Amino acid sequence: MEKREVLFRIKRFNPKKDEKPYFQEYKLTVPKGMTVLEALQQIKDTQDPTLAFRAFCRSAICGSCAVKVNGFPKLACKTQIFNELDKFGTDTLTLEPLDNMEIIRDLIVDWDKPFKRMEEMKPWLVPDPEVVPKTLDEESRVYPNELKKFDSFTDCILCTSCFSSCTATQIDENYGGPFQLARVYRFAVDPRDALKAERSKIGYAFDMWNCVRCNKCADVCPKHISPVDGIMKLRGLSIDVGLKDNPGARHVMAFYKSLLESGMLNEVLLPLRTKGIKGVLENLPVGIKMILRGKAHSPVMKPIGEHETLIKVMKAAMEVE
């Protein structure tokens, strides 16, 4: 069996005695097929019993072993060491705790912040009495076309990898968070839920429009869920229930109106329709440069040749959604 000697740089921190985090190095001979979690356990058993990390199921289900491996959130129990070494072309792995949460000790972070935020957002089913039977004698049926809308979001294992990578979470204390907002959407489209689209008001209250669509949450999810997709759809539901008085919603409506009018994006009117006169003044310097260089088109645009066909496609897409 192939073996390699690997250098593990592990970030250590005990708030009871350390002034700041530091890296400690361990060398370990690793056989092919060994996971990061197995290596951590072997280091703890044979080299340093003080090393602290969190783990439980060893089956990529509980999410408790999530750590950063060479800068990227991973489930330690699922991540094979050889794959990471080959990916980075190195014999060194740097292991760190997840970001955006306080460190309890070494690789263990405090989950209270993201989970308390999730609890505030009512991530549970509120039974609709018209759909959910009062007794267990009858079934509460969810049909495949209904399940398809939220099925992928039920796979979330609450590992907080997406939360740790979210830039909106870093700069906005009121931002709901990726897995939290995706869970709100999950219940918003569940036919058994009494709140339904009204849940979008929860997303609105927790600044869902501050998501910048960087897709980091989707990139790092070990279950291949895309929380950003849920957030985008939750935004759409918020517009449907009339929550349009914010720059994000107005920006979306401006795009939509441009397509209905001409089939093209009217970049000249976009600032006005999104932020009003303030938007025009903010973008005036850029607008003047565009005009001088012949890059600005007329605010009145002629419809494209296939405009009617485009409108039919747009309406059909909205009906399918």
Item checked: Test set (1) crowded, with 18+ Cβ neighbours inside 10 Å; (2) assigned to a helix (DSSP H, G or I) - LYS289 fails condition number -> (1)
Checklist line | segment 237-277, subset crowded, with 16+ Cβ neighbours inside 10 Å and small (Gly, Ala, Ser), residue farthest from the chain's Cα centre (by Cα) | finding: SER262
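Residues in segment 102-109: is at least one among the basic types (Lys, Arg), over 22 Å from the mean Cα position of the chain (by Cα) and under 26 Å from ASN14 (Cβ atoms)? If you could, list the steps in order and put the result at the bottom.
Filtering segment 102-109 down to residues among the basic types (Lys, Arg) leaves 105.
Applying the additional criterion that residues be over 22 Å from the mean Cα position of the chain (by Cα) yields 105.
Next, from what is left, pick out any that are under 26 Å from ASN14 (Cβ atoms): 105.
Looking for residues that are among the basic types (Lys, Arg), over 22 Å from the mean Cα position of the chain (by Cα) and under 26 Å from ASN14 (Cβ atoms), one finds at least one in segment 102-109, hence yes.
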Check: Of all the residues that make up segment 237-271, how many are of a type outside the set (Lys, Arg) and touching a Ser or Thr at 6+ places or on another chain (Cβ under 8 Å)?
Finding: 15
Checklist line | Selection from segment 75-90 of residues that are among the basic types (Lys, Arg) and in contact with a Ser or Thr (Cβ under 8 Å, 6 or more places away or on another chain) | finding: LYS78
Item checked: Index of the failed condition, ALA55 passing every other in (1) touching a helix residue (DSSP H, G or I) at 6+ places or on another chain (Cβ under 8 Å); (2) at pLDDT below 95; (3) not assigned by TED's automatic domain parsing to the domain that holds LYS196 -> (2)
Next item on the list: Just give me the residues in segment 79-93 being surrounded by fewer than 17 Cβ atoms within 10 Å (Cβ to Cβ) and not aromatic (Phe, Trp, Tyr), in sequence order.
Entry: GLN80, ASN83, ASP86, LYS87, GLY89, THR90, ASP91, THR92
Next item on the list: Quick one: count up the residues across segment 237-248 that are assigned to a loop (DSSP other than H, G, I, E, B) and of a type in the set (S, T, N, Q).
Entry: 1
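Residues are listed down the side, and each one gets a yes or a no for (1) loosely packed, with under 14 Cβ neighbours inside 10 Å; (2) outside any loop (DSSP other than H, G, I, E, B):
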| position | (1), (2) |
| --- | --- |
| PHE8 | no, yes |
| ASN14 | yes, no |
| LYS17 | yes, no |
| LYS20 | yes, no |
| GLU25 | yes, yes |
| THR29 | yes, yes |
| LEU40 | no, yes |
| PHE56 | yes, no |
| ILE61 | no, no |
Next item on the list: Working carefully through the options CYS211, CYS217, find the one that is in contact with a Cys (Cβ under 6 Å, 6 or more places away or on another chain) and not hydroxyl-bearing (Ser, Thr, Tyr).
Entry: CYS217
Notebook entry, point to check: For segment 102-211, which helices (runs of 4 or more DSSP H) that fit wholly inside it have 2 or more residues that are touching a strand residue (DSSP E or B) at 6+ places or on another chain (Cβ under 8 Å) and closer than 25 Å to VAL69 by Cβ?
Noted result: 161-165
Checklist line | Residues of segment 162-219 classified as closer than 23 Å to LYS148 by Cβ, polar (S, T, N, Q) and surrounded by fewer than 21 Cβ atoms within 10 Å (Cβ to Cβ), total | finding: 1
Item checked: Those residues of segment 292-307 which are part of a helix (DSSP H, G or I) and loosely packed, with under 11 Cβ neighbours inside 10 Å, in sequence order -> LEU292
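Could we say that SER140 is of a type in the set (Gly, Ala, Ser), assigned by TED's automatic domain parsing to the domain that holds PRO222 and in contact with a Lys or Arg (Cβ under 6 Å, 6 or more places away or on another chain) here? Please lay out each step first, then the result.
Working: of a type in the set (Gly, Ala, Ser): yes; assigned by TED's automatic domain parsing to the domain that holds PRO222: yes; in contact with a Lys or Arg (Cβ under 6 Å, 6 or more places away or on another chain): yes.
Criteria met by SER140.
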Note to self: Which condition from (1) part of a loop (DSSP other than H, G, I, E, B); (2) without any contact (Cβ under 8 Å) to a residue 12 or more places away in the chain; (3) of a type outside the set (A, V, I, L, M); (4) over 30 Å from SER165 (Cα atoms) is the one that LYS278 breaks?
What the structure shows: (1)
Checklist line | Counted residues, segment 224-236 - those being surrounded by 15 or more Cβ atoms within 10 Å (Cβ to Cβ) and assigned to a loop (DSSP other than H, G, I, E, B) | finding: 2
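Being within 25 Å of GLN180 (Cβ to Cβ) and touching a residue at least 40 places away in the same chain (Cβ under 8 Å) is the filter here; which residues of segment 90-103 pass it?
Passing the criteria: GLU96, PRO97, LEU98, ASP99, ASN100, MET101, ILE103.
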Check: Quick one: what pairs do we get from segment 236-252, first residue under 10 Å from TYR204 (Cα atoms) and in contact (Cβ under 8 Å) with a residue 60 or more places away in the chain, second among the β-branched types (Val, Ile, Thr) and surrounded by fewer than 17 Cβ atoms within 10 Å (Cβ to Cβ), C-beta under 7 Å, 6+ apart or different chains?
Finding: none
Checklist line | LEU85 closer than 20 Å to MET101 by Cβ and part of a helix (DSSP H, G or I) | finding: no
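The values are calculated or read from the model by the stated rules, or taken from the named source; none is laboratory data. Keep in mind that this is a model prediction, so the values were computed, not measured. Glycine also receives a Cβ, built like all others from the backbone with ideal geometry; neighbour counts cover every protein chain displayed.
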